[in-house]
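Student: One structure, pasted below without further comment.
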Amino acid sequence: MKRRTTSLFLALAFPALAGCATIDRDVNADSIAGPVGLKRMIVKTDPFVLTTFARIRDPGQPVTVYIEGDGLAWLSRSEVSLDPTPREAMGLALAAADPTPNVVYLARPCQFTARAKNPTCGIAYWTGKRFSPEVVASMNQAVDQIAAQVPGQKINLVGYSGGGAVAVLVAAGRKDVGSIRTVAGNLDHAEVNRLAKVSQLSGSINAIDVAAQVAKIPQIHFSGAADTTVPPVIAERFAGAVGTSCARIKVVPGATHETGWRERWRELQGLPLGC
């Protein structure tokens, strides 16, 4: 991959380089999940083994599935990470702030799961192929297993950053999705890369290309007013591609790509959806 592409990967997947060696990412995740009853679990899919943190207290109600961002894809501007597990796990922090009875956090392929248990993992799956068909299929299989725990109930999808793209791509192929919420979602990676003047992702599907397939799903897309990584225009473009009143956008004052979300999430989660 050309070196000029790394600045975008760093911005999307690794917002803070300082202090990365001092944080145990698994311990940090457990400290976020444990106090709110989210229990770590492993989900086997084809071809990835995925890590989840789940709390199912009432199978007779819908479940909200939170999908993580791109994680720690790069160690420096020229060195790719060998483990994309996120340092701060924003998707998990949002899940932990959700007071509803049924909440599941779904890590992206190769995050939090030991390589020995996940031999399919390779660097391509947290760089150019992060939104590849096989990644989307794996995540969809995991959602199938989650849905089986709440039979007949709707699945509400929430995606942070690149997880927003995954949420849309998964929703496009399902009939049981009750809502979509994205937070700083990379809903048009081609445009994000064009704006950043970097190379396009190779081997990835673009969420905006399936916008029509989610046009009838109630949804809201949150953007940070101060987000220079995935600026609000990306959500605006996606909503325009959806082309119905079901897609609502909300620009959050003061929020950046990485900050201003977890402390506001309960309020934001309660805002009305489109449709």
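Readers should treat all values here as calculations from the given coordinates under stated rules, not as data from a laboratory. What you are looking at is a predicted structure, and each value in this text was computed from that prediction instead of being measured. Neighbour counts run over all protein chains shown; Cβ positions are idealised from the backbone, glycine included.
Student: Report the Cα-based extents of segment 3-269 along its three principal axes, largest first, to the nearest Å.
Tutor: 50, 43, 34
Student: Mean-square fluctuation check for the chain, GNM, Cα pairs under 10 Å: which of Lys39, Lys129, Lys175 is largest?
Tutor: Among Lys39, Lys129, Lys175, the largest mean-square fluctuation in the Gaussian network model of the chain belongs to Lys175.
Student: Based only on Cα atoms, what Rg/Rh ratio does segment 69-109 have, Rh being taken as Kirkwood's radius? All intermediate terms of the calculation are to be shown ahead of the outcome.
Tutor: Values: Rg = 12.9 Å, Rh = 11.6 Å.
Dividing the radius of gyration by the Kirkwood radius yields 1.12.
Student: Using a cut-off of under 19 Å, list every residue of segment 59-94 whose amide N is near the label point 7 Å from the Cα of Leu273 along the Cα-to-beta-carbon line.
Tutor: Only 59-68, 94 fall inside the zone, counting backbone N under 19 Å.
Student: Running a GNM on the chain with Cα contacts under 10 Å, which residue among Ala124, Ala54, Ala171 ends up with the highest mean-square fluctuation?
Tutor: Ala124
Student: Using the crude model of +1 on Lys and Arg Cβ and -1 on Asp and Glu Cβ, and no other charge, please compute the dipole size for segment 192-255 relative to its Cα centre, in debye to 20.
Tutor: For this selection, approximately 60 debye.
Student: Given labels modelled 7 Å from the Cα in the Cβ direction, how far is it in nm from Arg264 to Ile56?
Tutor: Simple spin-label model gives 3.3 nm for this pair.
Student: Name the residue farthest towards the positive end of the dipole of the chain from the options Trp261, Ile123, Ala29, assuming +1 on Cβ of Lys and Arg, -1 on Cβ of Asp and Glu, about the Cα centre.
Tutor: Farthest towards the positive pole: Ile123.
Student: Mind jotting down the distance between the C-alpha centroids of segment 99-114 and segment 127-168, whole Å?
Tutor: Here the answer is 10 Å between Cα centres.
Student: Search the structure for amide H atoms under 5 Å from the amide H of Gly224, placed 1.01 Å from N in the peptide plane, and list their residues when 5 or more places away or on another chain.
Tutor: Ala184, Val252
Student: If neighbour count is taken as other Cβ atoms inside 10 Å, put Leu75, Leu92, Leu82 in order from fewest to most.
Tutor: Listing Leu75, Leu92, Leu82 from fewest to most nearby Cβ atoms yields Leu82, Leu75, Leu92.
Student: Now for a different question. Counting helices only, and only those DSSP H runs with n ≥ 4, report the 222 nm mean residue ellipticity of the chain as the sum of -39,500 (n - 2.57) divided by its residues, in deg cm²/dmol to the nearest 500.
Tutor: So the helix-based figure for the chain works out to -7500 deg cm²/dmol.
Student: About its Cα centre, how strong a charge dipole does segment 3-269 have in debye, to the nearest 20, once Lys and Arg get +1 and Asp and Glu get -1 at the Cβ?
Tutor: Dipole of segment 3-269, to the nearest 20 debye: 180 debye.
Student: Can I ask one more? Mind telling me which of Ala190, Ala172, Ala148 comes out most flexible in a GNM of the chain, alpha-carbon contacts under 10 Å?
Tutor: Ala148
Student: Separation between the Lys117 and Asp176 pseudo-spin-labels, each 7 Å from Cα along Cα→Cβ, expressed in nm?
Tutor: That separation, rounded to one decimal, is 2.3 nm.
Student: Also, quick follow-up: If I take the Cα coordinates of segment 202-275 and project them onto the principal axes, what are the three extents in Å, biggest first?
Tutor: Ordered largest first, segment 202-275 gives principal extents of 33, 32, 17 Å.
Student: Let me ask something else about it. Label-point separation (nm) for Asp144 and Arg194, each offset 7 Å from Cα along Cα-to-Cβ?
Tutor: 3.5 nm
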